[in-house]
1. Leu22 passes all but one of (1) surrounded by 10 or more Cβ atoms within 10 Å (Cβ to Cβ); (2) at pLDDT below 80; (3) in a helix (DSSP H, G or I); which number fails?
2. Of all residues in the range 38-80, count the ones that are part of a helix (DSSP H, G or I), loosely packed, with under 13 Cβ neighbours inside 10 Å and among the aromatic types (Phe, Trp, Tyr).
3. Restricting attention to the range 86-96, which residues are loosely packed, with under 15 Cβ neighbours inside 10 Å and either part of a helix (DSSP H, G or I) or of a type in the set (Phe, Trp, Tyr) (or both)?
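The values are calculated or read from the model by the stated rules, or taken from the named source; none is laboratory data. Keep in mind that this is a model prediction, so the values were computed, not measured. Please note: Cβ atoms are built from the backbone with ideal geometry, for glycine as well, and neighbour counts cover all protein chains shown.
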Amino acid sequence: MTTRATISSSSHGSIGRYAIRLGLSLLLAVGPLAAVMAGFVPREVRLPAIVVLCAGHLLMQLVWFWHPGTRKDHRENTANFVGIGLVMAAMLADLL
């Protein structure tokens, strides 16, 4: 294995971890649709359930696939993450 492959696999995780992340991502993407279409969630809590599942999906995507952090090469991602978090908080406050 080359050094490049070793660095890549250690910083981003294994195939198994990506499979778990993909499964959770699909679950969080299908959750809001199932809440509305299949009626799994009672009508009075449907909108909050959809908002929470969508916010969770977006946060999961940002953290697991965008890699914010304190390292110098991740600081721009972290600044963008904070900005997106503020926009999400404003949207959630408006929706709920």
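1. Against the list (1) surrounded by 10 or more Cβ atoms within 10 Å (Cβ to Cβ); (2) at pLDDT below 80; (3) in a helix (DSSP H, G or I), Leu22 comes up short only on (2).
2. 1
3. First, pick out the residues of the range 86-96 that are loosely packed, with under 15 Cβ neighbours inside 10 Å: 86-87, 89-96.
Residues satisfying the conditions are Leu86, Val87, Ala89, Ala90, Met91, Leu92, Ala93, Asp94, Leu95.
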